[in-house]
Amino acid sequence: MENINLVECLGYLASVLVAISFLMKSINKLRFVNMVGSICFVIYAVAIHAIPVALINLTG
């Protein structure tokens, strides 16, 4: 069985959430899903020491 990297999975989850948010018709749902995706990206970026990625998601 392949080793599952939770940090990498978090990065994929963040990407999927941000992508899904663009498909939302309701602005409230869009903002919520995008916010959750951005939070996931910040955690992911800190875990892999990618400070520029964390900063851009904190300001968005």
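The values are calculated or read from the model by the stated rules, or taken from the named source; none is laboratory data. Since the model is a prediction, treat every value here as computed from it, not as a measurement. Note that we place each Cβ from the backbone using ideal geometry, even for glycine, and neighbour counts take in every protein chain shown. Note: accessible area is taken over every heavy atom of the protein model, side chains too, but ligands, DNA and RNA are not part of it. Shrake-Rupley method; radii C 1.70, N 1.55, O 1.52, S 1.80 Å.
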### Task
Could I have the simple spin-label model distance between Cys9 and Phe32, label points 7 Å from Cα toward Cβ, reported in nm to one decimal?
2.4
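I'd like the carbon and sulfur percentage of the solvent accessible area for the chain, probe radius 1.4 Å, heavy atoms only, ligands and nucleic acids excluded.
Whole-percent figure for carbon plus sulfur exposure: 70.
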### Query
Averaged per residue, what accessible surface does the chain expose to a 1.4 Å probe, in Å²?
78
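Defining a contact as two alpha carbons under 8 Å apart and six or more residues distant in sequence, what relative contact order in percent does the chain show? Working shown, then result.
On the way: 56 pairs, mean separation 19.4, N = 60.
Relative contact order, the chain: 32 percent.
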### Task
Find, among the trypsin sites (Lys or Arg not before Pro) in the stretch 8-60, those assigned to loop by DSSP (not H, G, I, E, B) with at most 14 other beta-carbon atoms within 10 angstrom.
Lys25
### Task
May I ask you to list the chymotrypsin sites (Phe, Trp or Tyr not before Pro) in the chain that are in a DSSP loop and have at most 12 other Cβ atoms within 10 Å of their Cβ?
Phe22
### Summary
Computed on Cα atoms, Rg of the chain relative to 2.2 N^0.38 Å comes out at 1.19
